[in-house]
Amino acid sequence: MDTTIKSLGPCEIISPLHHVGGGVEVNFRKDNERVLFSHTLDRDSEPHADASQFSFEASGPREHIFFNPAKTTAAIVTCGGLCPGLNDIIRGIVTQLHYRYAVTKVFGFRYGYEGLIPRYGHTPMLLKPESVSQIHNFGGTILGSSRGPQKIGEMVDLLEEMNIDLFFVVGGDGTLRGAVEISNECERRGLKKAVIGIPKTIDNDIMYLDKSFGFETAFAVAVQTVKCAYVEATGAVNGIGLIKLMGRDSGFISCYAALAGGNVDFVLIPEVPFQLEGERGLLEALRYKLAKKKNAVIVVAEGAGQDLIPSAGNTDASGNQKYGDIGLFLKDKIGAFFKERRTECNLKYFDPSYIIRSVPANAQDNVYCSQLAQHAVHAAMAGKTSMLVGRWHGAFVHLPIALATQGRRKVDPSSELWHSVLESTGQSARLSDG
């Protein structure tokens, strides 16, 4: 596991943070300060004498920086689906650059990577502290977003033409892999440009991070839907509330929404397969639950049960496989199951996905986004590149983008989180006859 962070060269400029602390000493960090990968030890293991191979570089301001603030130009791009906190990230980067480093030329590329391709006609926005001062109160992103790859060479052409020194890329794993290619192309051309990623995924599935921004807001809003589904379920004979939440490959939102909302009887996530039919399948378990308590609430992640649905066989603009709609699939199967048995069933279906992802960030995410933005700026000014900022075991760290995007973080079926869900819902650990 290579955790080495690329650098554009030696840092020989004294940081302006020496002079803007207002008499408060700045906690400068050194590159040899590390955050351990594992904060626990197995009972039979011994501490490693050299933890450098099992640790991440600590984030934070450096005493000497690579870029001269007076001659530095920065740019920001937001890509992929919307997520709470995008405007907070933009605001945090702009204000940190302006007030702490006196970098006053900051551009925002419109509509994702399309904004770096001149033929699309998206004129870059000049971002000032005054123009971003209130954007954190609104959902979405003032820069707009888009999906799909663009030609790396053309994007680097524009970065070179505009003399962009710091390039902040906010997006998911596909976007971040694009950022690595941009960084590699800059290196191939001999261009000294810092490419810094800020991972965006509402599913909380970036590896080696405690959490991604927007996640807490997402499941907090999802909880309200869970409560509404419970009210609907208890208000009818054999009432069923069925909620589909986001989570293509990871069921974190479903798990946390169920735990926080309470009154959930079944949680279905991509990491734990289940069957519909059979004595121990979901439908029989649901029938037993209705017979026992006259209502039930089901939370299902969008990527759950895909083996039960005929494959669409195509991909979206980002190259992700298109998944079948598990929510509508379950709605039809549950209705048919009870109709065949001549049992009354009143099912209410909820799909709040677009509501969840478009709301403004809550207070906790406001703080987290601000901190991510600040650490991203510190890293960029120090000449680090092809990396992202995140939080690991409560400390902010630098991670190589290639390392963080080599897989997806998922719910471990043997973890405390999933066992907490099972204890909260009372559902069987295995909804199958196998």
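The values are calculated or read from the model by the stated rules, or taken from the named source; none is laboratory data. Note that the structure is predicted; figures quoted are calculated from it, not measured. Cβ atoms come from the backbone with ideal geometry, glycine included; neighbour counts cover every protein chain shown.
Scan the range 131-143 residue by residue and report those that are buried (at least 19 other Cβ atoms within 10 Å of the Cβ) and over 13 Å from residue 89 (Cα atoms).
none
For residues that are part of a loop (DSSP other than H, G, I, E, B) and small (Gly, Ala, Ser), scanning just the range 241-281, find the one that is modelled with the lowest pLDDT.
Top of the filtered list is 262.
Condition first: surrounded by 21 or more Cβ atoms within 10 Å (Cβ to Cβ), in a strand (DSSP E or B) and among the aromatic types (Phe, Trp, Tyr). Can you find one or more residues in the range 359-378 that meet it?
Checked the range 359-378: no residue is surrounded by 21 or more Cβ atoms within 10 Å (Cβ to Cβ), in a strand (DSSP E or B) and among the aromatic types (Phe, Trp, Tyr).
Examine the range 74-89 for a residue that is of a type in the set (D, E, K, R), closer than 17 Å to residue 376 by Cα and buried (at least 24 other Cβ atoms within 10 Å of the Cβ), and state whether such a residue exists.
Yes: the range 74-89 contains one or more residues that are of a type in the set (D, E, K, R), closer than 17 Å to residue 376 by Cα and buried (at least 24 other Cβ atoms within 10 Å of the Cβ).
Give me a count of the residues in the range 401-420 that are within 22 Å of residue 260 (Cβ to Cβ), out of contact with any Phe, Trp or Tyr (no Cβ under 9 Å at 6 or more places or on another chain) and in contact (Cβ under 8 Å) with a residue 24 or more places away in the chain.
3
Residues in the range 201-224 that are under 23 Å from residue 2 (Cα atoms) and either among the small types (Gly, Ala, Ser) or at pLDDT 95 or above (or both): how many?
Qualifying residue count for the region: 1.
Looking at this structure, is residue 393 crowded, with 18+ Cβ neighbours inside 10 Å, in the same structural domain as residue 206 (by TED's automatic domain parsing) and touching a residue at least 60 places away in the same chain (Cβ under 8 Å)?
It is false that residue 393 is crowded, with 18+ Cβ neighbours inside 10 Å, in the same structural domain as residue 206 (by TED's automatic domain parsing) and touching a residue at least 60 places away in the same chain (Cβ under 8 Å).
Restricting to the range 322-346, and then to whatever is small (Gly, Ala, Ser) and surrounded by fewer than 19 Cβ atoms within 10 Å (Cβ to Cβ), can you tell me which residue is farthest from residue 290 (Cα to Cα)?
Within the range 322-346, the match that is farthest from residue 290 (Cα to Cα) is 324.
Looking only at residues that are hydrophobic (A, V, I, L, M, F, W, C) and free of Cβ contacts under 8 Å to residues at least 60 places away in the same chain in the range 99-111, which one is surrounded by the fewest Cβ atoms within 10 Å (Cβ to Cβ)?
The selected residue is 107.
Name the residues in the range 238-273 that are among the β-branched types (Val, Ile, Thr) and over 19 Å from residue 345 (Cα atoms), would you?
The answer is 253, 267, 269, 272.
For the range 112-130, give me each residue that is touching a strand residue (DSSP E or B) at 6+ places or on another chain (Cβ under 9 Å) and touching a residue at least 24 places away in the same chain (Cβ under 8 Å).
Within the range 112-130, 112, 113, 115, 116, 124, 127, 128 qualify.
Of everything in the range 111-153, what is farther than 19 Å from residue 356 by Cα, in a loop (DSSP other than H, G, I, E, B) and among the polar types (S, T, N, Q)? Give them in sequence order.
Once the filter is applied, which keeps residues that are farther than 19 Å from residue 356 by Cα, in a loop (DSSP other than H, G, I, E, B) and among the polar types (S, T, N, Q), the range 111-153 yields 123, 133, 134, 150.
May I ask you to say which residue of 351, 365 is among the acidic types (Asp, Glu) and over 30 Å from residue 282 (Cα atoms)?
Only one candidate qualifies: 365.
Which of the residues spanning the range 79-106 are within 14 Å of residue 126 (Cα to Cα), in a helix (DSSP H, G or I) and polar (S, T, N, Q)?
Within the range 79-106, just 95 meets the criteria.
Which residues, counting only those in the range 375-415, are of a type in the set (Gly, Ala, Ser), within 14 Å of the chain's Cα centre (by Cα) and modelled with pLDDT of 95 or more?
Selection gives 390 alone.
Take the range 145-168 and flag every residue that is surrounded by 18 or more Cβ atoms within 10 Å (Cβ to Cβ) and out of contact with any Asp or Glu (no Cβ under 7 Å at 6 or more places or on another chain).
145, 155, 159, 164, 165, 166, 167, 168
Give the range 215-265 a look and list any residue that's among the small types (Gly, Ala, Ser), out of contact with any helix residue (DSSP H, G or I) (no Cβ under 9 Å at 6 or more places or on another chain) and closer than 17 Å to residue 409 by Cβ, or say none.
The one that is among the small types (Gly, Ala, Ser), out of contact with any helix residue (DSSP H, G or I) (no Cβ under 9 Å at 6 or more places or on another chain) and closer than 17 Å to residue 409 by Cβ: 250.
Of the residues that make up the range 192-202, is at least one β-branched (Val, Ile, Thr), over 21 Å from residue 384 (Cα atoms), out of contact with any helix residue (DSSP H, G or I) (no Cβ under 7 Å at 6 or more places or on another chain) and not in a helix (DSSP H, G or I)?
For the range 192-202, residues β-branched (Val, Ile, Thr), over 21 Å from residue 384 (Cα atoms), out of contact with any helix residue (DSSP H, G or I) (no Cβ under 7 Å at 6 or more places or on another chain) and not in a helix (DSSP H, G or I): present.
Of 354, 349, which residue is of a type in the set (Ser, Thr, Tyr) and surrounded by 15 or more Cβ atoms within 10 Å (Cβ to Cβ)?
349
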